[in-house]
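What follows is a single structure, written as structure tokens, with notes after it.
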Amino acid sequence: MKKRLISQFNISILLFFSLFVISTNTFAQIISFAKFTIGESRIKADLNDFEIHTTHPEIKVVWVDKTVQWIRNENNLLTPRAILRVIINKKVGLPHIELHNSIIIPVQKKNFTVADIYIDLFNPEVVSIFSGKDLLDKITIEAKTTSLAHSKQLIDYSCSPYNLKIEGIDNEYISIGCKMQRVGKYGSETPRLEITLNSTNLRTLNGSKPPFTIFLEDNSPVELQLKGLDQKTQILHLEATLPKRLNRLKTAIGAGPYIFQSDYQSEKQITKLAPSIMIYGKLDINETSSFKAFDALLYNKSFFNNSGLYFSYDLAEAFDGRVLFQALLGFQGLHYKYSSSTPTVFRLIYPQGFEVVYKHIFVENYNLMYGMFLSTSSESYTNAWLRYGKSSFLELNYIDWGQEKSHIKMLGLSIGIPFMGGF
């Protein structure tokens with residue numbers, strides 16, 4: 001009866017997690033706009049810093065307060081946008097607005113017409129207002145050049161692993177995003193980092209507007225001549241730290257003290273300090289799936305070894321990709337020996353699990369992970385872990401397994417260190 005309740009409880013947890021993932025996907029769809037998704041604001045974009053230029057006396061243009069919204073586009077570039085309100089006196093007739101090759105028809109009010117338009121603050125397009133065939137006005141946006149702009153230059157989390165540095169443009173608003181590409185034969189690929197830069201005021205020397213794309217394949221720096229709206233030339237210096245190879249196989253080894261309780265029939269052992277050895281492996285298949293393996297060994301009077309192989313794939317993400325939900329599908333082998341005088345128990349079990357990863361928490365490039373394996377049968381098994389770090393990490397682990405005459409329970413803290421390709 002107890003095992004049945006445990007099994008039902010485990011299934012309930014899995015169903016709850018599945019519903020949570022489905023609701024997360026639904027929520028992500030609700031907040032998606034065309035090819036954009038809502039991003040995380042790491043800096044403040046002050047609308048007072050973005051000047052609106054218009055000349056027609058019967059046209060009033062203002063920013064709508066509290067409408068700044070950070071979006072991430074298909075190029076993985078994070079940029080702010082806000083609503084620009086265009087108010088046109090009815091004296092000018094029935095106008096229309098052209099933007100991004102689209103025609104926008106203002107809404108009719110008593111004495112004026114009005115249109116609310118989203119404008120990319122870091123790459124604003126010209127807003128053209130027409131009455132019939134006649135061009136009434138061209139609205140342009142310009143960012144104020146200020147010594148404080150450097151504190152409002154955004155280097156996205158996607159660039160954090162590569163120690164990206166930018167110099168030479170201290171007074172302009174900019175946003176930079178990164179996307180790693182693999183080049184070469186499968187298994188021996190080299191990096192190709194695609195960097196995208198956006199800015200309100202910057203142009204190339206021939207007047208081309210951003211976004212600008214830069215490709216890095218090693219640690220060689222890049223320099224680019226740009227000019228602001230004041231026509232003064234500025235030299236952008238950019239560099240990053242890239243690995244020589246992109247290893248698909250990553251491994252780590254861990255060790256640490258555990259509290260270990262071991263039962264066999266009516267006998268019981270409790271060890272307050274048992275040594276452990278952990279081995280972790282991960283083979284990346286593509287950006288969203290991998291094979292993961294582990295082996296946990298504890299020995300102090302009683303012997304316990306738990307190993308597993310799982311296929312891992314991304315189920316969903318939230319909060320601008322910083323929270324990732326992963327499913328784990330596979331099997332485990334389990335060896336247990338209570339003492340030298342008792343037989344060895346071997347079990348092939350099939351608990352399934354999940355991991356939730358919170359990226360860049362507390363410190364950039366440091367991740368917090370919670371994972372759990374739950375039994376899908378009447379056999380009692382729970383394996384839960386909480387891990388924090390990057391290539392090296394701390395892990396708190398709890399395992400509880402029971403079958404007929406045997407039962408073990410353990411809780412401990414281990415330190416993981418990468419080897420053979422990192423982790």
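The values are calculated or read from the model by the stated rules, or taken from the named source; none is laboratory data. What you see is a predicted model, and the numbers here were worked out from it, not measured in a lab. As a convention, Cβ positions derive from the backbone with ideal geometry for all residues, glycine included, and neighbour counts pool all protein chains shown. Ligands, DNA and RNA are excluded from the accessible area calculation, which covers all protein heavy atoms including side chains. Shrake-Rupley method; radii C 1.70, N 1.55, O 1.52, S 1.80 Å.
At-a-glance table
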| read-out | value |
| --- | --- |
| Condition met for Y350 (open to solvent by 40 Å² or more (accessible area, probe 1.4 Å) and of a type in the set (S, T, Y)) | yes |
| Test: S302 is touching a residue at least 40 places away in the same chain (Cβ under 8 Å) and not hydrophobic (A, V, I, L, M, F, W, C) | yes |
| Failed criterion for L164 (all others in (1) more than 26 Å from T233 (Cα to Cα); (2) touching a residue at least 40 places away in the same chain (Cβ under 8 Å) hold) | (1) |
| The range 290-301, subset assigned to a strand (DSSP E or B) and not aliphatic (A, V, I, L, M), residue farthest from R182 (Cα to Cα) | N300 |
| The listed residue being farther than 17 Å from T251 by Cα and among the polar types (S, T, N, Q), out of S290, S307, S266, S312 | S266 |
| Condition broken by G256, with the remaining ones in (1) more than 27 Å from L297 (Cα to Cα); (2) assigned to a strand (DSSP E or B); (3) open to solvent by less than 80 Å² (accessible area, probe 1.4 Å); (4) not acidic (D, E) satisfied | (1) |
| First in the range 102-126 and modelled with pLDDT of 90 or more, second anywhere and loosely packed, with under 11 Cβ neighbours inside 10 Å, Cβ under 9 Å, 6 or more apart | T113/V107; V114/V107; V114/Q108; A115/V107; D116/V107 |
| Cβ pairs under 6 Å, 6+ apart, first in the range 399-411 and closer than 12 Å to S375 by Cβ, second open to solvent by 30 Å² or more (accessible area, probe 1.4 Å) | D400/T382; D400/K409 |
| Of all residues making up the range 184-224, the number that are under 25 Å from L249 (Cα atoms) and open to solvent by less than 20 Å² (accessible area, probe 1.4 Å) | 4 |
| Number of positions in the range 124-148 that are buried (at least 19 other Cβ atoms within 10 Å of the Cβ) and either closer than 18 Å to K209 by Cβ or in contact with a helix residue (DSSP H, G or I) (Cβ under 8 Å, 6 or more places away or on another chain) (or both) | 6 |
| Verdict on K232 being under 30 Å from E142 (Cβ atoms), free of Cβ contacts under 8 Å to residues at least 60 places away in the same chain and of a type in the set (K, R) | yes |
| Count of the range 50-72 residues which are within 18 Å of F122 (Cα to Cα), open to solvent by less than 70 Å² (accessible area, probe 1.4 Å) and touching a helix residue (DSSP H, G or I) at 6+ places or on another chain (Cβ under 8 Å) | 2 |
| The range 73-91, residues that are surrounded by fewer than 19 Cβ atoms within 10 Å (Cβ to Cβ) and closer than 15 Å to A115 by Cα | I83, R85, I87, N89, K90 |
| Matching strands (runs of 3 or more DSSP E) fully within the range 302-370 where at least 2 residues are within 16 Å of F291 (Cα to Cα) | 302-318, 323-337, 352-358 |
| Selection within the range 328-347 - modelled with pLDDT of 95 or more, hydrophobic (A, V, I, L, M, F, W, C) and open to solvent by less than 30 Å² (accessible area, probe 1.4 Å) | L328 |
| Strands (runs of 3 or more DSSP E) contained entirely in the range 127-198, each with at least 1 residues that are hydrophobic (A, V, I, L, M, F, W, C) and in contact with a Cys (Cβ under 6 Å, 6 or more places away or on another chain) | 174-183 |
| Search result, residues across the range 95-127 that are β-branched (V, I, T) and over 20 Å from P80 (Cα atoms) | I97, I103, I104, I105, V107, T113, V114 |
| Residue match in the range 280-289 (condition: in contact (Cβ under 8 Å) with a residue 40 or more places away in the chain, in a strand (DSSP E or B) and within 20 Å of N247 (Cβ to Cβ)) | yes |
| Of the criteria (1) within 24 Å of the chain's Cα centre (by Cα); (2) closer than 17 Å to A240 by Cα; (3) β-branched (V, I, T), which one V183 fails | (2) |
| Tally of residues being surrounded by fewer than 16 Cβ atoms within 10 Å (Cβ to Cβ) and charged (D, E, K, R) across the range 268-294 | 3 |
| Filter result (in contact with a helix residue (DSSP H, G or I) (Cβ under 8 Å, 6 or more places away or on another chain), of a type in the set (A, V, I, L, M, F, W, C) and within 16 Å of G402 (Cβ to Cβ)) within the range 332-376 | L374 |
| Among (1) surrounded by 13 or more Cβ atoms within 10 Å (Cβ to Cβ); (2) polar (S, T, N, Q); (3) in a loop (DSSP other than H, G, I, E, B); (4) modelled with pLDDT of 90 or more, the one test that T251 misses | (3) |
| Residue within the range 100-113 that is open to solvent by less than 20 Å² (accessible area, probe 1.4 Å) and hydrophobic (A, V, I, L, M, F, W, C) present | no |
